[in-house]
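What follows is a set of notes on a single structure, which appears directly below.
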Amino acid sequence: MRLQDKSPTFASRFDCMEEDDDEMENMDERSEHIQQSIEKYEKMREKQERYFFDVDALVKIIDHFIERLEFEKALEVTKYAFYVTSSLGKLYFKRSPSPCLNGQ
């Protein structure tokens, strides 16, 4: 009885390499997006303006500052995130139909 070779074929190894390349490109894009968000936040801070940020972007900015041991900046972004998200909560409440207003 002959044992079958269960090692990956060249084609399957090549497919894995392509998947690794795709993952690297996605990581590069995410890293670039995070860097752009950080730069946007810094610009906003410098100009003392208010910009829109996706909540996920704010979390990543906070993580960035924590990883760099810049805790004051991380806390500042956290406060800004709470300010922005609490405002969003008020809007959601206003948007939702109240049972009292509908006579229920």
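The values are calculated or read from the model by the stated rules, or taken from the named source; none is laboratory data. Since the model is a prediction, treat every value here as computed from it, not as a measurement. Note that each Cβ is placed from the backbone with ideal geometry, even for glycine, and that neighbours are counted across all protein chains shown.
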Tabulated pairs, the range 72-94, first aliphatic (A, V, I, L, M), second part of a helix (DSSP H, G or I) and modelled with pLDDT of 90 or more, C-beta under 6 angstrom, 6+ apart or interchain = ALA74/ILE62; ALA74/PHE65; ALA74/ILE66; VAL77/ILE61; VAL77/ILE62; ALA81/LEU58
Subset of the range 16-49 that is acidic (Asp, Glu) and modelled with pLDDT of 70 or more - its residue that is farthest from GLU67 (Cα to Cα) = GLU49
Looking only at the range 42-63, which residues are within 19 Å of SER31 (Cα to Cα) and touching a helix residue (DSSP H, G or I) at 6+ places or on another chain (Cβ under 6 Å)?
-> ALA57, LEU58, LYS60, ILE61, ILE62
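Condition check ((1) within 14 Å of ILE38 (Cα to Cα); (2) modelled with pLDDT of 90 or more; (3) loosely packed, with under 10 Cβ neighbours inside 10 Å) across all residues:
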{"site": "ASP54", "(1), (2), (3)": "yes, no, no"}
{"site": "HIS64", "(1), (2), (3)": "yes, yes, no"}
{"site": "PHE71", "(1), (2), (3)": "no, yes, no"}
{"site": "GLU76", "(1), (2), (3)": "yes, yes, no"}
{"site": "TYR83", "(1), (2), (3)": "no, no, no"}
{"site": "LEU88", "(1), (2), (3)": "no, no, no"}
{"site": "PRO97", "(1), (2), (3)": "no, no, yes"}
Go through the range 39-71 and give me each residue that's among the basic types (Lys, Arg) and part of a helix (DSSP H, G or I).
-> LYS40, LYS43, ARG45, LYS47, LYS60
